[in-house]
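Colleague: I'd like to ask you about the structure that follows.
The values are calculated or read from the model by the stated rules, or taken from the named source; none is laboratory data. If you're wondering where the values come from, they're calculated on a predicted model, not measured in any experiment. Every residue, glycine among them, receives a Cβ derived from its backbone with ideal geometry; neighbour counts consider all protein chains shown.
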Amino acid sequence: MRTLRAGYLVVMAGLMPLIAPQLPAQTTLFDWFNLAAIPVILAVLFYTSRVSFPLAAPAMVILMGSLVSMLNGRAIPVNMLTLAQEIYLYLLMVALCNVMRDPADMTILVVAWMTTAVAQSLLVFWNLSGDIAARATGTFLNPNMTSSYLGISALLCFHPVLKGRPLIRSAVFVVVTIAMLGTKSMSAILSLVTAVLFMIGAHTFYGGHRQRVRVAVAALVLFAVAVAVLPQALNMENFLDRLPRSSSGRLATWKVGIGTFLDNPFGLGVGPGGFVEVGIVTGGQWGVGKRMSLHSDYLAYLVERGIVGFLGLMALIGALAMLLLRGIRTSAGPEQRLWMFALSAMLLFTLVDSLSHEMMHYRHVWSALGLMTAQAGLAAPREPGKRPTAR
């Protein structure tokens with residue numbers, strides 16, 4: 001069974017970034033692999049052991065809000081496809097959480113994911129070799145999706161598997177972070193800076209004197225590198241020069257979205273993914289009317305699922321935060337605690353990036369949520385011989 005679990009985790013991590021080209025119904029090779037594997041995994045687990053369904057309560061609230069918002073729907077085909085995708089992503093997280101039954105399984109996934117992220121980073125560098133000012137996408141559909149994947153992946157280097165290997169840890173972080181800069185995503189830069197500052201603050205608060213000194217030195221090095229690199233990078237084409245155009249478009253879209261929510265607090269007739277079909281955005285960089293997505297998870301949940309769906313999202317975030325906090329408090333040693341800080345930073349990265357992008361339909365985001373819930377279960381105190389579960 002361990003070999004089968006390891007095989008699933010390695011193949012899944014390898015296929016995760018292969019988003020382009022897409023297959024029918026917006027699917028990928030990653031999806032077809034998981035659509036075949038997940039039912040088998042869940043069936044075997046139901047037969048052989050107890051299956052946990054983490055975050056089930058907030059997920060049900062989100063589902064309820066989604067179903068209510070589809071009443072009198074004007075974009076039912078889009079609603080149904082979006083809802084099916086979201087159920088699949090939740091089951092992906094459930095499968096990951098249950099497959100990773102011990103720290104060795106977690107290590108296998110993290111190593112495979114890190115290796116794939118480094119390979120994706122090298123592909124981004126190859127994309128940039130012809131035009132350094134381009135917004136690299138790698139094998140993703142757009143640079144924002146690429147930046148999200150790379151930003152989350154950069155934090156994997158803090159897993160205990162790299163304990164005592166500071167050069168490898170630093171190299172992975174630097175390579176993946178520089179590749180993320182190659183996407184020219186200002187939101188990802190802000191998100192990663194926020195995540196790293198959180199890790200510095202948390203490690204300083206929880207660590208002993210020696211750990212605090214190390215963190216202080218690392219923080220000074222990072223600050224020096226940022227001072228040297230970021231000003232030059234941000235002055236490059238496709239960085240700050242995009243800000244007026246990007247902010248103008250988003251403000252126009254958000255204005256329409258907020259008005260739509262205030263007129264329709266339960267999202268009736270809009271439904272999951274429905275705003276791009278029923279909402280028309282005018283002003284900003286376009287002037288004339290245009291159909292756009294909302295470019296914010298929080299606003300998308302309010303508009304497309306109403307107040308019920310938004311409360312479900314807040315409950316989901318709160319439940320994840322509590323799981324991670326419990327994991328931090330029960331960590332066995334500084335390296336385990338550092339890993340919990342990194343997982344918490346992944347969540348924070350996603351929450352910040354979600355302010356200006358819709359992240360909650362990305363496959364790698366839900367895979368990261370699976371990492372978080374699985375690790376929280378492994379870190380929780382348990383009776384001898386009892387398999388850990390994440391609630």
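Colleague: So M60 clears everything in (1) over 21 Å from the mean Cα position of the chain (by Cα); (2) within 21 Å of L316 (Cα to Cα) except one condition, right? Which one?
Modeller: Condition not satisfied by M60: (1).
Colleague: Do the conditions hold for R5, that is, is it buried (at least 17 other Cβ atoms within 10 Å of the Cβ), of a type in the set (D, E, K, R), outside any helix (DSSP H, G or I) and touching a residue at least 60 places away in the same chain (Cβ under 8 Å)? Explain how you work it out, then say what you get.
Modeller: Numbers: buried (at least 17 other Cβ atoms within 10 Å of the Cβ): yes; of a type in the set (D, E, K, R): yes; outside any helix (DSSP H, G or I): no; touching a residue at least 60 places away in the same chain (Cβ under 8 Å): yes.
In short, no.
Colleague: What are the residues in region 314-341 that are in a helix (DSSP H, G or I), more than 23 Å from S153 (Cα to Cα) and of a type in the set (A, V, I, L, M, F, W, C), if any? Step through it out loud before you land on a result.
Modeller: Here is the first cut: in region 314-341, the ones in a helix (DSSP H, G or I) are 314-329, 334-341.
Add one more test, that the residue is more than 23 Å from S153 (Cα to Cα), and what stays is 314-315, 329.
Scanning region 314-341 gives M314, A315.
Colleague: Can I ask one more? What is the one condition in (1) part of a helix (DSSP H, G or I); (2) on the phi < 0 side of the Ramachandran plot that G306 does not satisfy?
Modeller: Unmet for G306, out of (1) part of a helix (DSSP H, G or I); (2) on the phi < 0 side of the Ramachandran plot: (2).
Colleague: May I ask you to list the residues in region 149-170 that are of a type in the set (A, V, I, L, M), more than 17 Å from M199 (Cα to Cα) and in contact (Cβ under 8 Å) with a residue 24 or more places away in the chain?
Modeller: L150, V161
Colleague: Within region 317-372, track down each residue that is out of contact with any helix residue (DSSP H, G or I) (no Cβ under 7 Å at 6 or more places or on another chain) and under 17 Å from P103 (Cα atoms).
Modeller: Answer for region 317-372, where residues must be out of contact with any helix residue (DSSP H, G or I) (no Cβ under 7 Å at 6 or more places or on another chain) and under 17 Å from P103 (Cα atoms): A332, G333.
Colleague: Could you check, for region 50-67, whether at least one of its residues is out of contact with any helix residue (DSSP H, G or I) (no Cβ under 8 Å at 6 or more places or on another chain) and closer than 24 Å to G138 by Cα?
Modeller: No, region 50-67 contains no residue that is out of contact with any helix residue (DSSP H, G or I) (no Cβ under 8 Å at 6 or more places or on another chain) and closer than 24 Å to G138 by Cα.
Colleague: From the list M114, M64, M60, pick out the single residue that is closer than 30 Å to I189 by Cβ and either at pLDDT below 95 or in a helix (DSSP H, G or I) (or both). Outline the logic, then answer.
Modeller: Working: M64 fails: closer than 30 Å to I189 by Cβ; M60 fails: closer than 30 Å to I189 by Cβ.
Checking each option against the conditions leaves just M114.
Colleague: Hey, another quick one. What residue, of A133, A219, is outside any helix (DSSP H, G or I), under 26 Å from the mean Cα position of the chain (by Cα), at pLDDT below 95 and not charged (D, E, K, R)?
Modeller: Numbers: A219 fails: outside any helix (DSSP H, G or I).
The match here is A133.
Colleague: While we're on this one: Being β-branched (V, I, T), modelled with pLDDT under 90 and either assigned to a loop (DSSP other than H, G, I, E, B) or out of contact with any helix residue (DSSP H, G or I) (no Cβ under 9 Å at 6 or more places or on another chain) (or both), is that true of even one residue in region 280-297? Outline the logic, then answer.
Modeller: Within region 280-297, the first condition is being β-branched (V, I, T), and the residues that meet it are 280-282, 288.
After this cut, where a residue has to be modelled with pLDDT under 90 as well, the list is 280-282, 288.
The next check asks that each one be either assigned to a loop (DSSP other than H, G, I, E, B) or out of contact with any helix residue (DSSP H, G or I) (no Cβ under 9 Å at 6 or more places or on another chain) (or both); those that pass are 280, 288.
Yes, region 280-297 has at least one match.
Colleague: Only one of L150, L141 is buried (at least 20 other Cβ atoms within 10 Å of the Cβ) and among the aliphatic types (A, V, I, L, M). Can you tell me which? Give the steps one after another, and end with the answer.
Modeller: Values: L141 fails: buried (at least 20 other Cβ atoms within 10 Å of the Cβ).
Matching residue, one of L150, L141: L150.
Colleague: Quickly run through region 28-38 and pick out the residues that are surrounded by fewer than 14 Cβ atoms within 10 Å (Cβ to Cβ) and in contact with a Leu (Cβ under 9 Å, 6 or more places away or on another chain). Show your work before the answer.
Modeller: Here is the first cut: in region 28-38, the ones surrounded by fewer than 14 Cβ atoms within 10 Å (Cβ to Cβ) are 32, 35-36.
Result: W32, single match.
Colleague: I've got another one for you. Tell me the residue from L234, L156 that is aliphatic (A, V, I, L, M) and at pLDDT 90 or above, please. Don't jump to the end; show me each part of the working.
Modeller: Values: L234 fails: at pLDDT 90 or above.
Of the residues listed, the single one that is aliphatic (A, V, I, L, M) and at pLDDT 90 or above is L156.
Colleague: Hey, V10 hits all of (1) closer than 29 Å to F310 by Cα; (2) at pLDDT 95 or above but one; which does it fall short on?
Modeller: Here V10 meets the rest and fails (1).
Colleague: Evaluate region 21-28: report whether one residue or more is modelled with pLDDT of 95 or more and assigned to a helix (DSSP H, G or I).
Modeller: Checked against the condition, which is being modelled with pLDDT of 95 or more and assigned to a helix (DSSP H, G or I), region 21-28 yields no hits at all.
Colleague: Name the residues in region 45-54 that are closer than 15 Å to L4 by Cβ and surrounded by 15 or more Cβ atoms within 10 Å (Cβ to Cβ), would you? Give the steps one after another, and end with the answer.
Modeller: Here is the first cut: in region 45-54, the residues closer than 15 Å to L4 by Cβ are 45, 47-49.
Result: L45, single match.
Colleague: Can you tell which of L141, L150 is in a loop (DSSP other than H, G, I, E, B) and closer than 16 Å to Y362 by Cα? Let's see the steps before the verdict.
Modeller: Details: L150 fails: in a loop (DSSP other than H, G, I, E, B).
That would be L141, the only listed residue that is in a loop (DSSP other than H, G, I, E, B) and closer than 16 Å to Y362 by Cα.
Colleague: Looking at the structure I just gave you, is S187 surrounded by 17 or more Cβ atoms within 10 Å (Cβ to Cβ), modelled with pLDDT of 95 or more and either polar (S, T, N, Q) or within 20 Å of the chain's Cα centre (by Cα) (or both)? Steps first, please.
Modeller: Details: surrounded by 17 or more Cβ atoms within 10 Å (Cβ to Cβ): yes; modelled with pLDDT of 95 or more: no; either polar (S, T, N, Q) or within 20 Å of the chain's Cα centre (by Cα) (or both): yes.
It is false that S187 is surrounded by 17 or more Cβ atoms within 10 Å (Cβ to Cβ), modelled with pLDDT of 95 or more and either polar (S, T, N, Q) or within 20 Å of the chain's Cα centre (by Cα) (or both).
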